[in-house]
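The values are calculated or read from the model by the stated rules, or taken from the named source; none is laboratory data. Since this is a predicted model, take the numbers as computed values, not measurements. Counting neighbours? That spans all protein chains shown, and the Cβs are built from the backbone with ideal geometry, glycine included.
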Amino acid sequence: MSRPGTATTRTPVQLAATVVGAVFLVVGIAGFIPGLTTDYDSLQFAGHESQAKLFGVFAVSILHNVVHLAFGVLGLLMAKKARNAFLYLVAGGVVYLVLWLYGLIIDHDSSANFVPVNGADNWLHLLLGLGMVALGFALGRSLPRADAPGTR
C-alpha cells in the first residue's frame, strides 16, 4: 500500500502544482515562438524596450520567458512531495502578488520595468497570485502538520 504523496499516489495539491508548473513551462516556451509572440523581432533580453507580446497582449522579454521556464521547472520538481507542492503554490502565489504590486507602482516606461510588465501582465499576476494561494490552501488543508507525530 502506498502512502499519500509518494510517487505512485499524487495528492490534489501535488497535481495542482504539477499543472501550474506545466502551464508556466508552456508559457515560457510560447514566449520564444514567433506568431504566438507578436513583434518577435523586437524581443529584448530585458527591459521595457521589448515590444514583443505573448498572444499580442502580454509584454515579454527573454528574461521574462526564462523566469516562466524556471518557475515551471521549480513547480514540477516541488510537486514531487505534497508539502513542497503546497509551498510552491502558496509562496509562488505570494511572489506573483508582489510582482502585481510592483507592476502597479513602477512607471512602465522606466528602467524599473526590467521584466517587462504591462497592464495585462498586472491583471494576470493578480489572478495568478490569488489563484495559486487559494489552490495551495484549499488543497493543502489535508496535509499533516509538520510537527505531528510520525511526520517529517
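Among what's in region 1-16 and is in a loop (DSSP other than H, G, I, E, B) and surrounded by fewer than 15 Cβ atoms within 10 Å (Cβ to Cβ), pick the residue that is modelled with the lowest pLDDT. By that ranking, first place goes to 1.
Which one is surrounded by the most Cβ atoms within 10 Å (Cβ to Cβ) among residues in region 88-99 that are in contact (Cβ under 8 Å) with a residue 40 or more places away in the chain and hydrophobic (A, V, I, L, M, F, W, C)? Within region 88-99, the match that is surrounded by the most Cβ atoms within 10 Å (Cβ to Cβ) is 89.
Mind listing whichever residues of region 47-80 are over 30 Å from residue 34 (Cβ atoms) and crowded, with 19+ Cβ neighbours inside 10 Å?
Taking region 47-80 first, the residues over 30 Å from residue 34 (Cβ atoms) are 78-80.
Hits for region 47-80 are 78, 79.
What are the pairs with Cβ atoms under 7 angstrom where one residue, in region 17-43, is surrounded by fewer than 14 Cβ atoms within 10 Å (Cβ to Cβ) and the other, located anywhere, is part of a helix (DSSP H, G or I)? Sequence gap at least six, or different chains. Going by the 7 Å Cβ cut-off, the qualifying pairs are 34/40. The number of residues in region 93-145 being of a type outside the set (Ser, Thr, Tyr) and part of a loop (DSSP other than H, G, I, E, B) comes to 15. Taking the criterion of being modelled with pLDDT of 85 or more, buried (at least 17 other Cβ atoms within 10 Å of the Cβ) and either under 16 Å from residue 27 (Cα atoms) or polar (S, T, N, Q) (or both), the only residue of region 100-121 that qualifies is 121.
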